[in-house]
1. Could you list, in sequence order, all residues of region A:797-814 that are assigned to a helix (DSSP H, G or I) and open to solvent by less than 10 Å² (accessible area, probe 1.4 Å)?
2. For residue B:224, which of the numbered conditions (1) assigned to a helix (DSSP H, G or I); (2) farther than 28 Å from residue B:109 by Cα fails to hold?
3. What is the one condition in (1) in a strand (DSSP E or B); (2) farther than 26 Å from residue A:583 by Cβ; (3) not polar (S, T, N, Q) that residue A:494 does not satisfy?
4. Give region A:195-205 a look and list any residue that's touching a Gly at 6+ places or on another chain (Cβ under 9 Å) and open to solvent by less than 30 Å² (accessible area, probe 1.4 Å), or say none.
5. Mind listing just one residue for me: the one in region B:125-141 that is away from chain A (no Cβ under 12 Å) and without any contact (Cβ under 8 Å) to a residue 60 or more places away in the chain and, of those, most open to solvent (accessible area, probe 1.4 Å)?
6. Please pick out the residue among A:782, A:766 that is among the hydroxyl-bearing types (Ser, Thr, Tyr) and open to solvent by 70 Å² or more (accessible area, probe 1.4 Å).
7. Go through region A:176-214 residue by residue and tally those that are in a loop (DSSP other than H, G, I, E, B) and more than 11 Å from chain B (Cβ to nearest Cβ).
Amino acid sequence: MHDKSPGAMNTHSRQSKPQLLSKLLKHTHRSQWIGITLFVLITIPAIIFNAHWINYEDLENQAQVEVTTIAHDVSERIGAMQTVLASLEGLYYISPDLGKGEFQIFSKNLLVNSPYITMLGKYESIARHDRQDIKKRMSDQGHYEFNLKEFDSQGNLKLRGDRAHYYPLSLLEPQLPSNLALIGFDFGSISGMAETLESVAQEKSMALVAFQDHWPGAANIVAFKPVYRGKQTPDSGNSLLRQTTGGFWVNLNISQLLDGISNLANNFNIKVEINHDGDLIPVYVRAATNLPKLYFSSLYPTRVFEQKWNSTDSAELVIKLEKPMGFTEQAIALTAFAIVTTIFVATLFSIHVLSQQASLAEKIAGKQNLIDEREKAQTTLNTVKDAIITLDPALTIVQINPAAVVLLNTTRSLAVGQPLSNLVQLQIETEKATILDIGQVLADLEYDGNPEYNVVPVGQSGDDFVLRLSVSSSQNQDGKTSGYVLVLRDISHERRMSKKLAYQANFDAVTDCTNRHYFEQKLESLISELRVNDRTHALCYMDLDQFKVVNDTCGHHVGDELLKDLTKKLKLLIRDADVLSRIGGDEFGLILINVNQEQALSLCDRIYQFFQSFVFSHEEFAFSITASIGVVFIDNTCANTNDVLAAADIACYSAKDSGRNCLSVYSESDERMTERSVDLSWLSRLQTALQTDQFCLYLQPVVSLSSGMNPQHITHFEFLLRLRDDDGNEVTPKQIIQAAERYDLMRDIDKWVIKNALRTVAELNSGPGGRCSFSINISGQSAADRGLKSFIEKQMKLNQIDPSRIWFELTETAAISHFSVAVDLITSIRSFGSKVALDDFGSGLSSFGYLKNLPVDLIKIDGQFIKEIANNPIDRQMVKAIHQVGQSMNILSVAEFVEDQETIDELLKIGIDFAQGYFIGKPQNVRDAIAQISKNPKAA
Amino acid sequence: MRRDSMALPNYARFGVLILTLCILYMAKVAADTHHPICFYVSSNHKGDTWSDGIELSLRNAIANKCTLVQHDMDSLHHESRQDAELAGRAAFEMMKTVEPDVVITSDDAAAKYFIMPYVKNSDVPVVFSGINWSVEEYGFPADNVTGIIEVAPIKPMLLEALKLIGKQRSAGNRIVYLGADSLNDIKNFNVFQDTARQMGLVSDAILVSDFDTWQYGFELSQEYDLIILGDNAGIHGWNNRQATETARRFSKTLSLTNNYWMMPYTAIGYTKIAAEQGEWAAATAVALIEGMRAADIPLTTNTRWDIWVNNTLSAAMQFELSQELKHTAKMYR
């Protein structure tokens, strides 16, 4: 905060949210964080704990309501069942001879209204001796096959054995093919049922029995209700038992009973049991099908609700409703919402409090900043080197910094409160007679922006003393000018430096005469003026002879002394208007202005004569320094500076060619000048050829003569460089090489050859050329190029060339001239698998001696020994000697300039390995050369 | 022929295997998609009221549980026993063609001439319906035969009739049964006779084969204390309009019937319901298709009937209906 500018305080509203948050966080103290954290840590568990209780109570209450509803529904159905039994009982007392037709009609509606009563009917209570009676009675009712039955162990009905008492089923509704066989089934055959039915008969009660085994359907509870003879029911137990004729039964299907009640039953695991004298007989179990997804159920015990319905006997229907408890999704969502809301509110509250604190802190910091900034501004004013004067609108000085006090030679107390004009008056640098009207300048600020003036205080001495005045105004909140600021910068030093730089740009530091830059500028200026005036000039180009000797002998500082001395003396020989410039290390240019040829030659001769007697002495050394002087006359026929300089160079070169210490005047008709001019033209031609790929490569075949091989077999080609001029004429290699070597272009040309030759070899790989090896020539200048090896390697890899297929040819003279680097290059080339041939061997005189130390693979014998070998025994001996020397060093030999069969014969006699020459094949372009070997049936 | 030349090449064996698998698969699909066939043999002809009632209820109840193929024996038009036997044979021949899963029959002729000689104790489960009163004479029940026996509420009908004539007549309890000379009606009369005897009543029967005789019999019956009108099925030349006219002209004695279609000529009807027969037959057939054994389904009888009063005839007879009858009996036209 403290490093903010005052202006930044007003941009609070523009700050981005991250910035604001960052600011708030910065202002938040540790205790505040602890407070917020504690609040969250206490609140969230409280919310969870509260949610737990609310959820539990909610589930509990909900379950209670549901259980009440379910119990009500079940009670209704149990009640309905009891009502059915009571109805049947009533029907019986009205019509004891109840036939199955009447029973069917009566029960039909009961069954329709109570779908959970899946069957109902009547059972009889008969003694053994009544068996025939009931059989006849049932037969009269249409049950012709009536018999007393019981279930066997397989669940099939079989005839009931002899018993003292029976409780056969006599009426059944609904009668279906699937249950019709139950008519005659003895309920007393079920374990304990005889006692139960006897008991309910004695007690005039109702029995609830769970039938499980072979009774049709599953999860059944059968209720039995006894009926008695007569219209008045007996009171005592024995009478009841004696008077009972059986009773009615109703089959309740528990599953359907529960299905029929509220859907709420699906929310519970349901277990239905019959409690018979404390024995719980399971009847039905059903898992909840509509439970909501619950979480953290393990935290809650399963809630069990138990509902009981007593029959009048000891049996009791027990329905257990189990309600799994846990966090519902809704509870979790609400809890999460509450937590998030709490955190959100806490965060908002924290942000609010923190922002209040931050705002307060910011205000305090802002005030402090104002104080700091004012101090800084004052300090800046005090330390700045520029003189700064603050004026009020009436141009009275309000403030003045120390630099201004010093500059204007006053004191602060004297200056403040004074009108500016009392303190200082300023003159425009270039108009020293005029006093600058500061009032007008300030008044024009509105239009001039922030003007600057180079001024000089009135009364200040010294030509170099210049101040740069800058003025600006300040506005108050209403936009009105509240004052002005004048800044005076002392630019005297800058001026001096500028002048010095300008001098250095045009003058030679050693000789104090103008340099090449100035010389060329001047020359160009003069040439351009020739179009409008009719003057003539002359340019004299002087190249000191043997100047290098002075440097090498006495050191460069002595050389510099010589140049200074020479310059001083030359200046004495020329006119003031003439321009003498040092345009190179030991080269001088002299422009003789406005002279005709005669005057020019006279002056140049004077200079030439001066050099004839000029001796420079240093300590015990005395050096006679001469110069090669080229002279060019300049008139309106001169096109441009370059031509004039080139002509001067040619003339000077001509003077050098003439043995130095000469004066040569440029003339277009002079043959030497022409040659020199041609040489110069080669420079641009070669450069253009390199840049535009005007060079081309030819191939000349080399055949193997060794091992008795057929000399017509072509296995090798040498790449040869060719250039065609604009007219399509072929330029001789000699011309190219001569010019290239003179202008140091051979390195570039060799690289061009290597690059394009290797690319050509790669292109020939797929054809017959793929079987051949190739030679590439390297010049003496390239031999000295330490970067050549890596260039060759790079090109080899780029074109994926097998290095063993490439021979590099280095001329004997080149190798000897740059012996040590040549040995390194040859070794390097051979190290990556290529061969090296020593070209034009024998042309040098010391060849054999060097050969011992040059690790070459082949020697190409100079053609001068080959051409006449058939006729000249000396040549033959020379060739033989070279071959033998090479053979002794495992160096193969190649004969050049082979032009006839006789030569071939001689070479074979000597044992030369390869031959090359017009007889073998002339140089051809690549396509023709390769086509030649592909057509040649003898080609390997 | 050499042994190796008889051996099937490998590709042929593979083909046979694939073909066999395809046949087995098709057989399984056919079995899975098999729809049961119920072969229904009606003793009578289309247009017979009772038989039509059974058929209608049977078709409704059986719905799409099986495909019902019907054969009518037309026994009421048979001139001789031989005709009836031929009709039974024809039904059997058709059953062989149909290859049913279940056989359903209605009325006695089908039981006597079709089930008993051809189907009883076979593998085909049989459900009969509409057999009057008893099945012992047909050897039922059998292991593959079950069904519903048609009974009439004779006793309650007679009790009600005695109550009514008790008020009109001081003495006399002679009863006549006027019906068709048909298998059904002969059995009906026999049961009626037994019941009447148990009640101390004397009964005669007039069983006719033609309409003229029936008209004459009706006129004669007016001399009795009670007339029980049996079936008209099997009475040749039956004429409804003429029969109605005869009934209106001659009715003096209280007439009763168990057949709804005889109500135009009868004062009071305790009528059986044909639909009950058809519905039970359908339910049993479905149970058999679903795998129950016929032997596990006991024989049963119909339990439902209806009470009718023909106001026109009862008014002509000048006896007073009991209050109970007035409140419970349906009014016939």
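The values are calculated or read from the model by the stated rules, or taken from the named source; none is laboratory data. Note that the structure is a prediction, hence the values are computed from the model and not measured. We place every Cβ from the backbone using ideal geometry, glycine too, and count neighbours over all the protein chains shown. Note: areas computed on protein heavy atoms with side chains; ligands, DNA, RNA excluded. Shrake-Rupley method; radii C 1.70, N 1.55, O 1.52, S 1.80 Å.
1. Correct list: A:812, A:814.
2. (1)
3. Against the list (1) in a strand (DSSP E or B); (2) farther than 26 Å from residue A:583 by Cβ; (3) not polar (S, T, N, Q), residue A:494 comes up short only on (1).
4. A:197, A:200, A:201
5. Here the answer is B:137.
6. The unique qualifying residue is A:766.
7. 9
Here's the yes/no breakdown for (1) surrounded by fewer than 12 Cβ atoms within 10 Å (Cβ to Cβ); (2) among the β-branched types (Val, Ile, Thr); (3) free of Cβ contacts under 8 Å to residues at least 12 places away in the same chain:
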{"residue": "A:358", "(1), (2), (3)": "no, no, no"}
{"residue": "A:371", "(1), (2), (3)": "yes, yes, yes"}
{"residue": "A:377", "(1), (2), (3)": "yes, no, yes"}
{"residue": "A:416", "(1), (2), (3)": "no, yes, no"}
{"residue": "A:420", "(1), (2), (3)": "no, no, no"}
{"residue": "A:424", "(1), (2), (3)": "no, yes, no"}
{"residue": "A:452", "(1), (2), (3)": "no, no, no"}
